[in-house]
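*Asks:* Shown below is the structure under consideration.
Coordinate-derived values only; no laboratory data. Worth saying up front: this structure is predicted, and the values here are computed from it rather than measured. Here Cβ is always computed from backbone atoms with ideal geometry, including for glycine, and neighbour counts include all displayed protein chains.
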Amino acid sequence: MTENRQAIDRTPPPVHLRIGAERRTAGSGGAHEHIDPATGAANAAIPLAGPAEVNEAVAVAQEAFESWRRTSPAIRRRLLLTLADLIEQNAEEFARRGALDNGTPLLYGRGFPINAAEWTRYYAGWADKILGDVNGLPTADGEFGYTIAKPYGVIGIIITWNGPLISLAMKIPAALAAGNTVVVKPSELTPFSAELFADLVERAGFPAGVVNVLPGDAAAGQALVEHPLVRKISFTGGPATARRILQSASATMKPTLLELGGKSANIVFDDADLDDACAIGTRFSLIALAGQGCAFATRMLVQDTVYDEVVARVTAIAESNRPGDPFEEGVLTGPVVNEDAVHRILGMIERAQRDGATLVTGGHRIGGELADGYYIEPTVFTDVDPQSELAQTEVFGPVLAIFRFRTEEEALELANSTPYSLSSYVQTRDLNRAIRLATELHAGQTLINGATNLRVARPFGGFGISGVGKEGGRHGLEEFLQVKSVGIVVG
Ligand code: NAD
């Protein structure tokens, strides 16, 4: 362990406000004391933008927009492809930044840049394929028409802390390919990946002002939402903040793309490959990102004929995976993001027991040499009341709730019984059943038998309180384009 700790530098890089070509080391929003979640120790003072810097950045982005929207699509494509290469070449440094930002283990942190590069390349490819429609031949009265897909202008991008690099890559390349410029507000909790992303944008050769990055807190986010020259907001975070954003956006009637939380069901039928089903069900609830993933499969619905076996297997996997220092090679689960998260998660664990759920394993903060960091044991509950808080509310921590069902109808009803509708998972060898469920599950996506989350060509985004709008695929590009109609009378 000590060997690896020495091998990787744990010193946080300096963080800047990026307005056009300028880098500033201080902002009017004061400073945020960054705490290393692995150790609980303060390790950096992060400069925060306030409304003053938001105003400056939006003005610079608006000016840049006038030339960026006229920049040839081939140039936009080339710049995005260069950025993608740089992201990939800096995978190791992004992994280090992820561990510093929020305690993402290196193993997972090395995967994000590969995916982020793919998202960037995919949207590079769209830059010269933005088309309008022609509304037919001239009609009897001599009219015909066509549409123009226009960029909005300045897009305000506000992201949360759990996957800073991938969140940036899901938004910025699509916005730029469509001809918009952006002002980005990363979470104040996780500024280090965004700092490197901004460095690479500069190195790729994007004109100054096309991408502006302002670390800041809620005040900066709100100023961005309220600014009249910000034409659209693309937000990733929680439903409570999303409600505040919708209120602030109402004054300017600003459209908002919202990627929010989930309580996704993973339905395991008795004909499933149980090795895969249990691996997927634990990886994306208890192991990766210490359970802090929006689309994670946090409710496992298991058919009664294999219920006991699945619970035993899941428990064994949970108990064999000890969380550890994210900088240590081989560690799969790191800490949760901060002390507040520890209290929130432990509070939900306590209330779940009070509500009558059975705690099968886990349930505690980890002590010993990890006591100063924010580590929580992978936690599994059974006998969960479907109406209880644990069944109905996102935990955003390493806590899995297992439910029993008998029939497909029962599974469907249980799966669709929360206000969230982000993702859903089905494990079965019966593809007819899988396709029936894919149609009926009320969720933005259904992933069958281990299909991967966040494949760029597939649109991602929830329904209901899980969000509005899509990232990924053609739909992800269209979020950043406004359709204008032209009608012509042909004389
Ligand atoms: P949050 O909603 O508190 O914060 C997100 C961002 O919003 C931060 O940058 C924050 O500074 C900013 N913010 C806070 N108040 C604001 C305001 N009034 N106006 C403008 N901006 C403001 O983040 P959280 O709730 O801790 O994040 C976790 C949530 O994010 C979970 O619910 C998770 O499921 C969700 N999430 C969703 C996706 C997705 O793609 N669907 C991805 C990752 C995380």
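*Asks:* Using the Cα centre of the range 265-454 as the reference point, and only Cβ charges (+1 on K/R, -1 on D/E), how large is the resulting charge dipole? Debye, rounded to the nearest 20.
*Replies:* 260
*Asks:* Taking every DSSP beta bridge with both residues inside the range 265-454, roughly what % is antiparallel (nearest 5)?
*Replies:* If I count the DSSP bridges inside the range 265-454, around 15 percent turn out antiparallel.
*Asks:* If you don't mind, there's one more thing I want to ask. Which entries of Lys150/Lys254; Lys150/Lys470; Lys185/Lys263; Lys232/Lys470; Lys129/Lys150 show an alpha-carbon separation above 21 angstrom in the structure shown?
*Replies:* Pairs exceeding the cut-off: Lys185/Lys263.
*Asks:* Quick one: angle between helix 431-440 and the longest Cα principal axis of the chain, in degrees between 0 and 90, rounded to 10, please.
*Replies:* Its long axis makes an angle of about 60 degrees.
*Asks:* Most exposed first by the Cβ proxy, i.e. fewest other Cβ within 10 Å, how do Arg110, Arg244 rank?
*Replies:* Arg244, Arg110
*Asks:* In addition: How far apart, in nm, are two points set 7 Å out from the Cα along the Cα-to-Cβ line at Val489 and at Asp141?
*Replies:* 0.9
*Asks:* May I ask for the Rg/Rh ratio of the chain, computed from Cα atoms with Rh as the Kirkwood radius, given to two decimals?
*Replies:* My calculation puts Rg/Rh at 0.99.
*Asks:* Is there a quick way to get the dipole size of the chain? I mean about its Cα centre, with the Cβ of Lys and Arg at +1 and of Asp and Glu at -1; what is the value in debye to the nearest 20?
*Replies:* 1560
*Asks:* Expressed as a whole number of Å, what is the distance separating the alpha-carbon centroids of the range 190-262 and the range 88-112?
*Replies:* First find each Cα centre; the distance between them is then 22 Å.
*Asks:* Hey, another quick one. What angle do you read, to the nearest 10 degrees and between 0 and 90, between the alpha-carbon axis of helix 73-89 and the longest principal axis of the chain?
*Replies:* 30
*Asks:* Continuing with the same structure: Could you tell me how far the Cα centroid of the range 378-411 sits from the Cα centroid of the range 1-72, in Å?
*Replies:* Centre-to-centre (Cα) distance: 38 Å.
*Asks:* Note the angle between two axes, namely the Cα long axis of helix 339-354 and the longest principal axis of the Cα atoms of the chain, as a number of degrees from 0 to 90, rounded to the nearest 10.
*Replies:* Tilt of helix 339-354: around 50 degrees.
*Asks:* What's the Cα-based Rg to Rh of the range 265-454, Rh via Kirkwood?
*Replies:* Taking Rg over the Kirkwood Rh, I get 0.96.
*Asks:* Just rank Phe192, Phe296, fewest to most, by other beta-carbon atoms within 10 angstrom.
*Replies:* Ordered from fewest to most neighbouring Cβ atoms within 10 Å, Phe192, Phe296 come out as Phe192, Phe296.
*Asks:* What percent do you get for the relative contact order of the chain when only Cα pairs under 8 Å and 6+ apart count?
*Replies:* 18
*Asks:* Take Glu377, Glu63, Glu259 and order them by how many other Cβ atoms sit within 10 Å, fewest up front.
*Replies:* Result, fewest neighbours first: Glu63, Glu377, Glu259.
*Asks:* For the range 68-211, what are the per-bin percents of Cα-Cα distances with bins 5 Å wide, up to the bin holding the maximum?
*Replies:* Percent of Cα pairs in each bin: 2, 10, 19, 20, 17, 11, 7, 5, 3, 3, 2, 1, 1, 0.
*Asks:* By how many nm would the segment from Ser250 to Asp276 lengthen if fully extended, with 0.36 nm per residue of separation less the alpha-carbon distance?
*Replies:* 4.8 nm
*Asks:* Under a no-solvent Debye model with one identical scatterer per Cα of the range 393-490, what's log10 I(q)/I(0) at q = 0.10, 0.18 Å⁻¹?
*Replies:* Calculated log10 I(q)/I(0) at the listed q: -0.38, -0.97.
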